[in-house]
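Step one of this worksheet: look at the structure below.
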Amino acid sequence: FKLARELGYMTKDQKQTLQQDLISPYPVVQRRFVLVQNKQSLNFNRLLLQGLHERFMEFGHTVQPLLIPPQLKPSQFNDWAEDHGLLYAEGVFIAPRMNWDLLEQKLLELQLPRILLNFPPPESKVDSVIWDVYEAVYQAVRRLVRMGHRNILYVGDTKDQRGFVIRWQAFVEAMKEAGVAVDAQEHAIERDGSPAGWLVDFEQKFKLRQPTAVICGIDEEAAPVYHTLRRLGVNVPQECSLVALLNEQIDTLPLCSRPQLPIREAGYRAADRMLWRIANPHLPFEHVRLQGDFFTGSTIQRLQG
């Protein structure tokens with residue numbers, strides 16, 4: 001089936017679906033698209049690019065990653081875009097975790113077909129495709145609650161990115177559904193800007209709360225959280241269960257119990273949305289959330305007693 005896709009073969013249903021969306025199954029023009037990203041998003045953009053490449057390969061189109069310099073100011077954006085040929089692309093994919101709202105706004109204002117790979121800000125006129133972290137956190141809480149855990153500590157930034165805010169909102173609502181009130185001051189959610197400050201906060205909150213389970217809401221914080229638990233002499237999962245929202249399994253961690261985030265699949269779906277938007281510029285904007293399953297690894301267990 002993979003080889004058939006690479007060679008351009010499609011089922012009758014696939015052809016009919018494309019034709020209904022006004023997308024040519026066998027285009028004669030090769031299109032060039034751009035994925036605009038920054039250093040913060042590099043850890044998962046490899047997966048996004050895999051999905052984009054996989055889908056566009058079937059049509060003969062290409063997608064080029066373009067890194068925004070960390071020092072770029074909004075006032076310099078137009079010159080930077082011109083220098084890198086951004087304005088001559090057929091369409092632009094905007095990666096998550098842009099440094100400044102003003103830069104993201106500049107990208108959203110481009111007079112090109114755009115797909116936002118993020119949760120859209122209010123009143124934004126753009127299509128979006130994103131893996132559903134709200135559902136992921138809900139899955140994590142419900143799985144732990146069904147295993148007897150109620151004293152659950154949340155670790156993660158809750159303010160810096162829209163996706164981070166949504167993770168925290170999901171945690172609060174899922175815990176409320178389980179009959180457990182959430183006091184934000186009891187959770188390791190403060191980020192003062194110092195690299196190790198949040199980890200110290202986590203250690204203090206853990207010692208104070210003595211939770212039976214921890215949910216780590218951010219991929220790059222999962223390994224430090226796990227190794228801090230081990231340094232404190234806490235056995236995972238015998239003394240504390242751990243769920244982390246990992247982009248993918250990390251070699252330095254045990255097989256981690258986690259909601260699976262369909263990042264590569266989001267790239268694949270976003271490519272479809274881009275072709276659909278080019279063919280249907282007059283239709284309303286759409287927001288797509290992709291749901292994954294919960295993977296049970298070796299870092300959670302039922303609460304004893």
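The values are calculated or read from the model by the stated rules, or taken from the named source; none is laboratory data. Everything numeric in this text was worked out from a predicted model, so none of it was measured. With ideal geometry, Cβ positions are generated from the backbone for all residues, glycine too; neighbour counts draw on all protein chains shown. Calculation scope for accessible area: heavy atoms of the full protein, side chains included, ligands and nucleic acids excluded. Shrake-Rupley method; radii C 1.70, N 1.55, O 1.52, S 1.80 Å.
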| said: Taking 0.36 nm per residue of sequence separation and subtracting the Cα-Cα distance, how much length would be gained by fully extending the chain between LEU87 and ASP192, in nm to one decimal? | reply: 34.1 nm
| task | Identify the GluC sites (Glu not before Pro) of segment 225-267 meeting these criteria: DSSP loop state and at most 15 other C-beta atoms within 10 Å of the C-beta. | result | GLU239, GLU248
| In whole Å, what is the distance between the alpha-carbon centres of segment 132-175 and segment 268-292? | 27 Å
| Hull surface divided by four, with the convex hull built on the Cα atoms of the chain: how many nm²? | 17.9 nm²
| message | Amide H of VAL214 versus every other amide H placed in the peptide plane: which residues, excluding those fewer than 5 positions away on the same chain, fall under 5 Å? | response | LEU153, SER241, LEU242, VAL243
| Using a 1.4 Å probe, what is the accessible area per residue for the chain, in Å²? | 50 Å²
| remark: Of the residues LEU49, GLY148, TYR138, the Cα lying farthest along the dipole of segment 41-156 towards its positive end, which is defined by charges on the beta carbon of Lys, Arg, Asp and Glu, belongs to GLY148
| field | Mean ellipticity per residue at 222 nm, deg cm²/dmol - from DSSP H runs of n ≥ 4 across the chain, formula -39500 (n - 2.57) | value | -11500 deg cm²/dmol
| Heavy-atom accessible surface of the chain: percent carbon and sulfur, 1.4 Å | 51 percent
| Rounded to the nearest 20 Debye, what is the dipole magnitude of the chain about its Cα centre when Lys and Arg each give +1 and Asp and Glu each give -1 at the C-beta? | 620 debye
| request: Using only alpha carbon positions, build the gyration tensor of segment 166-213, then give the equivalent ellipsoid semi-axes as the square roots of 5 times its eigenvalues, largest first, whole angstrom. | output: 22, 14, 7
| query | Taking the DSSP beta bridges in the chain as the whole, what percent of them are antiparallel, to the nearest 5? | reply | 5 percent
| Range of Cα positions in segment 54-180 per principal axis (Å), largest first | 56, 37, 25
| task | Tell me the trypsin sites (Lys or Arg not before Pro) within segment 85-191 that lie in a loop according to DSSP and have at most 14 other beta-carbon atoms within 10 Å. | result | LYS125, ARG150, LYS159
